[in-house]
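The values are calculated or read from the model by the stated rules, or taken from the named source; none is laboratory data. This one's a predicted model, so the numbers in the text were calculated from it and none came from an experiment. For neighbour counting, all protein chains shown are included, and Cβ atoms are generated from backbone atoms with ideal geometry for every residue, glycine included. Accessible surface areas use protein heavy atoms only, side chains included; no ligands, DNA or RNA. Shrake-Rupley method; radii C 1.70, N 1.55, O 1.52, S 1.80 Å.
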Amino acid sequence: MKTFLWVIGVLLLLVLLSPFFLIQIGKGTLHNPEIPSRDLPFSSESKLKVLAFFPHPDDEVTVSGTLMKLIEEGHEVHLLCLTRGEAGNSGEGYSKNELAEIRTLEMTQAADLIGAKQLHLLEYADSGLSELGLDSLKSIALDRINAIQPDILFSYDSKVGLYGHPDHQLSGLAVEQVFQENKGNTFFKPQQLFQVTLSPNQIEIALELSEGFKNNYPKEEGEGLPLPDFSIKTQAYFSRVLEVMQAHQSQQAVLKDLMPYHDQVPAWIYSRIFDREYFHEVK
């Protein structure tokens with residue numbers, strides 16, 4: 001009888017501990033331990049103005065945990081979307097005008113959930129930024145940056161645009177070149193630019209699970225995402241990040257590529273595996 005009770009006790013303990021083993025395995029699979037973690041992307045004793053510059057509604061999801069953390073620390077966050085996302089894939093047969101109106105409302109709700117000071121929603125053509133050309137896009141970026149006067153910039157990277165979307169890559173390139181060409185000039189306020197990226201392990205897994213990555217991520221060696229300089233721990237904000245994702249109801253199928261199985265794994269487990277956001281600092 002004692003042996004039976006002991007075996008039952010061990011089995012119950014294993015059942016109770018199995019989620020924690022799953023978490024450790026997941027974190028080891030998803031993250032690269034050599035990439036350092038920071039409390040915040042930048043150090044400053046004063047409160048700064050931050051601008052997250054992206055092409056579409058829902059792009060802010062990629063950095064929303066970090067933005068929430070910055071707001072909690074007293075920094076002022078502005079969100080900018082170059083388009084209203086009218087070319088997005090909603091699967092519902094909306095016209096472009098209808099989808100633009102829907103995604104405008106979704107983006108407004110997402111900005112409120114994040115706690116942004118202001119949402120700057122422009123009306124350039126979704127999936128048409130390449131027709132504007134890089135020089136025009138740089139002029140737009142410089143004009144908006146000078147109008148908002150942020151101290152810190154966040155954007156997509158200039159090589160891939162996270163997973164290969166042309167609007168992502170081109171907007172990231174425009175912001176990067178504007179920053180590099182104007183940093184240090186008296187009229188140009190931003191002092192740091194951070195680009196959202198992924199760890200090497202995340203990229204490897206995304207290429208197996210995400211259709212967007214499979215279809216668009218560059219195959220040539222050296223043409224992928226920039227290596228992260230650091231990560232920001234965002235587990236404490238995970239439930240609010242999910243709310244931001246859910247605000248973009250028209251894009252739920254697309255967002256499942258960003259966080260695969262997030263709707264099937266208990267949030268308390270998922271948040272401990274997908275517990276950080278990665279960044280590359282442009283020098």
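Side notes on the structure shown:
- Largest first, the residues His56, His165 sort by 1.4 Å accessible area into His165, His56.
- The 3J(HN,Hα) values that the Karplus relation (6.51, -1.76, 1.60; θ = phi - 60°) gives for region 76-82 are, in residue order, 9, 10, 10, 10, 10, 10, 6 Hz. Gly and Pro appear as x.
- Where labels lie 7 Å past Cα in the beta-carbon direction, separation of Ala147 and Gln109 in nm: 2.7 nm
- The distance between label points at Thr29 and Lys183 comes to 3.7 nm (points 7 Å beyond Cα on the Cα→Cβ vector).
- Calculated P(r) tail over 26 Å for the chain, as whole % of Cα pairs: 44 percent
- Accessible area per residue, Å², region 22-120 with all protein chains present, probe 1.4 Å: 45 Å²
- Filtered chymotrypsin sites (Phe, Trp or Tyr not before Pro), region 230-283: DSSP coil and at most 13 other beta carbons within 10 Å: Tyr261
- Evaluated at q = 0.22, 0.26 Å⁻¹, a Debye calculation over the C-alpha positions of region 92-149 (equal weights, vacuum) places log10 I(q)/I(0) at -1.03, -1.08.
- On the chain, 54 percent of the accessible area sits on carbon and sulfur atoms, based on a 1.4 Å probe.
- Proximal charge balance of Gln118 [Cβ under 14 Å; K/R count +1, D/E count -1]: 0
- Angle in degrees between helix 96-114 and the longest Cα principal axis of the chain, rounded to the nearest 10: 60 degrees
- Cβ-based net charge around Thr197, under 13 Å, with every Lys or Arg adding one and every Asp or Glu removing one: -3
- Helix 134-148 vs. the chain, principal-axis angle (Cα, 0 to 90°, nearest 10): 80 degrees
- Estimated translational D of region 59-191 in µm²/s (Stokes, Kirkwood radius over Cα pairs; 20 °C; 1.002 mPa s): 137 µm²/s
- Antiparallel bridge percentage (DSSP; both residues within the chain; nearest 5): 30 percent
- Using the 1.4 Å probe convention, the accessible area of region 148-280 works out to 43 Å² per residue with neighbouring protein chains retained.
- Relative contact order computed over the chain (Cα-Cα under 8 Å; 6+ residues apart), in percent: 25 percent
- Given R0 = 22 Å, the distance between the Cβ atoms of Asp263 and Ser95 translates into a calculated FRET efficiency of 0.20.
- 14 Å beta-carbon shell around Asn215, net charge (K/R +1, D/E -1): -1
- Degrees separating the helix 238-247 axis from the principal Cα axis of the chain, which is the longest one: 50 degrees
- Separation of region 69-87 and region 203-276, taken as the distance between their Cα centroids, equals 18 angstrom.
- Expressed as a whole percent, the proportion of Cα-Cα pairs in region 146-283 lying more than 20 Å apart is 53%.
- The helix-based estimate of mean residue ellipticity at 222 nm for the chain, built from -39,500 (n - 2.57) per DSSP H run of four or more residues and divided by its residue count, is -15000 deg cm²/dmol to the nearest 500.
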